[in-house]
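Below is one structure, written out as structure tokens; the observations come after it.
The values are calculated or read from the model by the stated rules, or taken from the named source; none is laboratory data. Since this is a predicted model, take the numbers as computed values, not measurements. Here the Cβ positions follow ideal geometry from the backbone for every residue, glycine too, while neighbour counts run over all protein chains shown. These area figures cover heavy atoms from the full protein model, side chains too; ligands, DNA and RNA do not enter into them. Shrake-Rupley method; radii C 1.70, N 1.55, O 1.52, S 1.80 Å.
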Amino acid sequence: MGISGLTTFMDDNLKLIKEFPLHDTKLVIDGNNLYHLIFYNNHVDFLHGGDYDQYARKIKEFFSLLSSCNIQPYVVFDGGYEQDDKKFQTILKRVQQRLEMAMHMAKGQRGKVMPILAYDTFRAVLLEIKVPFAVCDFEADKEIGILANQLDCPVLSYDSDFYILPLSAGFIPFDSVNFTLQEGRREDDSVYHYLPARRYHVDNFVKFFPSLGREVLPLLATLLGNDYVDIRIFHAFYSSVRSHENIKTQFRIPKTHTKMQKVISWLESLENYNEGIDKIMSTALTPIQKETITVAIRKTLEAFTANASDTEFSLHSYFMENENSEGKLHSVGNPIKGYNGSIIPTWYACLHRQGFLPPSSLDVITLHRKFLLPQVEGPKTTSSYHCSVKLRECMYGILLSEDIAVLGKTEEMATNRKFAVEEYDRNNYQLKKNIVCPEIMLEGYGSLPKLSDIPELSPSDKENIVHLVLDIPSFGLDNMTKDLEFVLGIVLFWIKNADPKVTVYHLKTVLVCLLMLKVKWVLIHHGATGCEENMIETAVLSMPTENIKEVRTKLHPYSARPEHSRKHPVDSDLIHSFAQLQTCILAAMHLNFLLLCPFPSPSVSHIFSGTFLYNFCMELQKRRSPDMFINELLSKDSNLQQVYQCLLDAVMNVLDPEGLTEESKYKKRSKAHKCKSKKDKNTDQSACSPENVKPEVKKKRKTTTQYVANCPLTNRFAFLDMSGESLDESDEDEEMKDELSV
């Protein structure tokens, strides 16, 4: 959600926002805003696919800072998109913008696009550090307001809707907080810590409109435009308001903001709310226009009333009931209906609200639609999401099982949205809609289980489904743990399905990255991860601290952000290969979640670091003897060399001879790509506008997916994703010092 121009208005009138020391309080946090804030404010790399290890560290530092100020956070995320599709065109527009930005970045231009595993990384860290969080069924703004009022605490967000919602303890805009710890003293001379901030309260604004009181808020939201209002219906109203040159108001409003000037001045002139409604209605020329305006006002009133309702999912009940019952399921809120009218099983709704299932999967059930995140990748290659389409087809088969069953069998299943999923994905430089048919049969298993049957499915059946979908072989290792088996299974799936194919350089780089991230973890956290101890962790933990530091020192330079320019842009072909791996990780993790984790869910921050993968793979391609180089880096006085070779052999032994492309072929392809003529460059197609998106029915396992926003982009993070320059600052050197000081 978001209200046009309101944030700028508040920034220009700081008298409405009072200084406020943030400490010793509960705090409701807009989760979708927060995981963007932490990523971008800490300059975490987004060009090479995401440095999730660094991101996870910054998330922990943020919540540690809140803890130092005795702040109890409650993080709330948006769920699926509303079923009335009122935001569909807005979403398509955002997808288009993000796609264009990703393609610009792949060509060496500047921009920002959130890496696709950021949300899963953020959620996993919250679970690890035990920060309470919840996912709403659909949009979270109103539910956040209700929860904050019930807890009598402020809301922390960027969303301008919170300037309108009547919050009893106020609204703290993210950019008003100085996240530098300050020290204060109480009257009894005891010390406390706080964060300097500014807090807005609706009464600060309402007092300038004594004749309207709080009724001014929904009127303002209606006339400025929001997700429930097509602003064009007020064209006649704006025309009826006097010219802005003659407007006088108590607020500072730039003359260029004509609409804001007119609306604020008009509101100041009203004697009461009904007078305002009458004047708005008087500009309607037809009964249909009057009805449209009436509906818009009513919907806005409903949206901006932060009163608890028995029909909504109660965040307050959820947090209070789950506070001391970790791991237990609670059925809170009304049932959720699928696209065809089926009732989503209670277990699924509970786990969705607890954040164990991805919100995008709810869209599959309720809308039969999937919007995937855009990535920086090779613009002229097949979309990176094509690599993981088989995983999504099987996941759709389970997710849609109940909803399709209510309709019975029909011949329309291949083309009808009622029986399939609309996916939106990149086709060259264009956004295209594909109809993807769910897979209901799995070779070697039979019919995939229905959604309602999953909790009763045996652990071996769940594990078998993942084995068969990913085609995980027997690696033949005595000490192969399930977590490592799952990760290697994803790597193998990536190699088998990548287009263009990956090289042995990519494989070796991924395996070294697994070792590097484990070494880094052990140095920072002084011990085991707390997960199932696999051969990598065993090897690292058996090393003397000095040897661990030695390996980290040798590998660390490849985590430094490389310099790119228009003359020497990022190698988008190389990034594309690892972008394909990310889609496989994402889809495999979500399938594993759906089956209630028959395999331990891998922490993204332990398996993927984009900058390292990019730099190290580039380095290997320059080396005459990559294996000798790797062995030199992994320290002769440790078992890391042996573990690396063991993992490499395990993968290579089960690959077909054609599984990896020849190194020389890759080099020729890269060289040919760089030498393409200007004529080829001029024939690049620009992305299509959402209005011209046409559906394309594709056969199974030949479809691709979509691009969509991590969160509603009508808040300030839309700007962070859509524009701005790539920042070069990094705290890697500081991090390195922290690790090596152990």
The lone condition SER360 fails out of (1) crowded, with 24+ Cβ neighbours inside 10 Å; (2) touching a Leu at 6+ places or on another chain (Cβ under 8 Å); (3) more than 20 Å from LEU457 (Cβ to Cβ) is (1)
Between THR661, THR683, which is surrounded by 15 or more Cβ atoms within 10 Å (Cβ to Cβ), among the polar types (S, T, N, Q) and at pLDDT below 95? THR661
Scan of the stretch 135-162 for residues that are surrounded by fewer than 24 Cβ atoms within 10 Å (Cβ to Cβ) and not in a loop (DSSP other than H, G, I, E, B), ordered by number: LYS142, ILE146, ASN149, GLN150, LEU151
Starting from residues that are closer than 30 Å to SER168 by Cα and open to solvent by 10 Å² or more (accessible area, probe 1.4 Å), keep the ones in the stretch 41-63 and report whichever is modelled with the lowest pLDDT. ASN41
Part of a helix (DSSP H, G or I), free of Cβ contacts under 8 Å to residues at least 60 places away in the same chain and not polar (S, T, N, Q): which single residue out of MET628, MET589 fits that description? MET628
Of everything in the stretch 207-234, what is outside any helix (DSSP H, G or I) and open to solvent by 30 Å² or more (accessible area, probe 1.4 Å)? Give them in sequence order. LYS207, PHE208, PRO210, SER211, ASP227, TYR228, ASP230
Filtering the stretch 164-206 down to residues that are farther than 20 Å from LEU14 by Cβ, of a type outside the set (Asp, Glu), without any contact (Cβ under 8 Å) to a residue 60 or more places away in the chain and outside any loop (DSSP other than H, G, I, E, B) yields ARG185, VAL191
Go through the stretch 80-96 residue by residue and tally those that are assigned to a loop (DSSP other than H, G, I, E, B) and in contact (Cβ under 8 Å) with a residue 24 or more places away in the chain. 7
Can you tell me which residue in the stretch 318-335 is modelled with the lowest pLDDT, limited to those that are in contact with a His (Cβ under 8 Å, 6 or more places away or on another chain) and open to solvent by less than 80 Å² (accessible area, probe 1.4 Å)? ASN322
Quick check: anything in the stretch 66-79 of a type outside the set (Lys, Arg), within 19 Å of SER609 (Cα to Cα) and either in contact with a Pro (Cβ under 9 Å, 6 or more places away or on another chain) or buried (at least 24 other Cβ atoms within 10 Å of the Cβ) (or both)? no
